[in-house]
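The values are calculated or read from the model by the stated rules, or taken from the named source; none is laboratory data. Since this is a predicted model, take the numbers as computed values, not measurements. Don't worry about glycine lacking a Cβ; one is built from the backbone with ideal geometry, like all the others, and counts go over all protein chains shown.
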Amino acid sequence: MTATEPKFRIRARYTDTTVTVYQAYRPQIGRPAARTGRFPSAWKRDRMTWIKPSFLWMMYRCGWGTKEGQETVLAIDISREGFEWALRHSCLSHYVPALHADQDAWKQQLRSTPARVQWDPERDLHLNALPYRSLQLGLSGEAAARYADEWIVGIEDVTPLATEIRALVRAGEPERASGLLPRETPYPAPEEALAHLRA
């Protein structure tokens with residue numbers, strides 16, 4: 001981590017109105033979602049769904065789209081308004097003394113919020129852990145419903161991109177692989193949307 005690289009910071013591909021997050025599903029869900037721009041009926045909205053702004057963290061999680069049940073990698077553009085709503089209505093998935101009065105206060109917050117945040121080690125091209133963290137955002141209840149029904153602007157199947165980058169890494173061509181990565185820069189989230197999520 002460099003002196004200018006905060007340990008907890010959202011890095012993402014984004015525009016003035018959207019932010020790109022990644023998920024990986026089995027083809028029966030991922031392919032119809034990419035084709036129609038909406039999750040099919042087989043998608044379980046009553047379960048927590050985790051979205052990740054970091055492409056390489058998603059590659060670490062799904063093994064470049066090779067893990068069973070995660071063969072279709074999706075880039076999902078959602079509204080920045082929705083993304084920031086989720087941050088404001090979220091709670092850390094673990095207790096942090098510096099942020100919570102006590103464990104009971106954290107548990108109460110956990111019960112009353114529809115979103116969860118985890119800060120996981122960011123990954124490099126070889127999927128090794130880096131010394132700073134990447135956001136993972138879990139959506140349930142109202143947050144999952146808003147995500148599926150209101151926030152999604154577009155869905156793209158980026159499995160071929162994942163496959164191509166992985167092949168270049170394995171062939172010892174990291175510069176070419178890096179050139180294909182989605183460009184992720186610090187996301188300008190309002191400070192008040194993040195204050196309760198990082199010590």
Problem set entry | So Pro97, is it more than 18 Å from Ala12 (Cα to Cα), modelled with pLDDT of 95 or more and over 17 Å from the mean Cα position of the chain (by Cα) | no
Exercise. If you go through segment 50-60 one residue at a time, do you hit one that is within 19 Å of Tyr147 (Cβ to Cβ), surrounded by fewer than 21 Cβ atoms within 10 Å (Cβ to Cβ) and modelled with pLDDT of 95 or more?
Worked result: yes
Problem set entry | Test: residue in segment 97-116 that is within 29 Å of Ile165 (Cβ to Cβ) and either touching a strand residue (DSSP E or B) at 6+ places or on another chain (Cβ under 9 Å) or loosely packed, with under 15 Cβ neighbours inside 10 Å (or both) | yes
Exercise. Got a number for residues in segment 148-164 being outside any strand (DSSP E or B), more than 17 Å from Leu87 (Cβ to Cβ) and in contact with a helix residue (DSSP H, G or I) (Cβ under 9 Å, 6 or more places away or on another chain)?
Worked result: 5
For this session: Enumerate the strands (runs of 3 or more DSSP E) found wholly within segment 3-99, keeping only those where 3 or more residues are of a type outside the set (Val, Ile, Thr) and within 28 Å of Asp124 (Cα to Cα).
Result: 18-25, 72-79, 90-92
Exercise. Taking the stated definitions as given, is Gly172 of a type in the set (Gly, Ala, Ser), more than 17 Å from the chain's Cα centre (by Cα) and part of a loop (DSSP other than H, G, I, E, B)?
Worked result: yes
Seminar exercise, completed: From the option list Ala195, Ala189, Ala145, Ala167, single residue qualifying as touching a residue at least 12 places away in the same chain (Cβ under 8 Å) and assigned to a helix (DSSP H, G or I) is Ala145
For this session: Sort through Glu173, Glu156 and tell me the only one that's under 30 Å from Gln28 (Cα atoms) and either without any contact (Cβ under 8 Å) to a residue 24 or more places away in the chain or of a type in the set (Asp, Glu) (or both).
Result: Glu156
Seminar exercise, completed: Within segment 165-199, the residues that are of a type in the set (Asp, Glu) and surrounded by 15 or more Cβ atoms within 10 Å (Cβ to Cβ) are Glu184
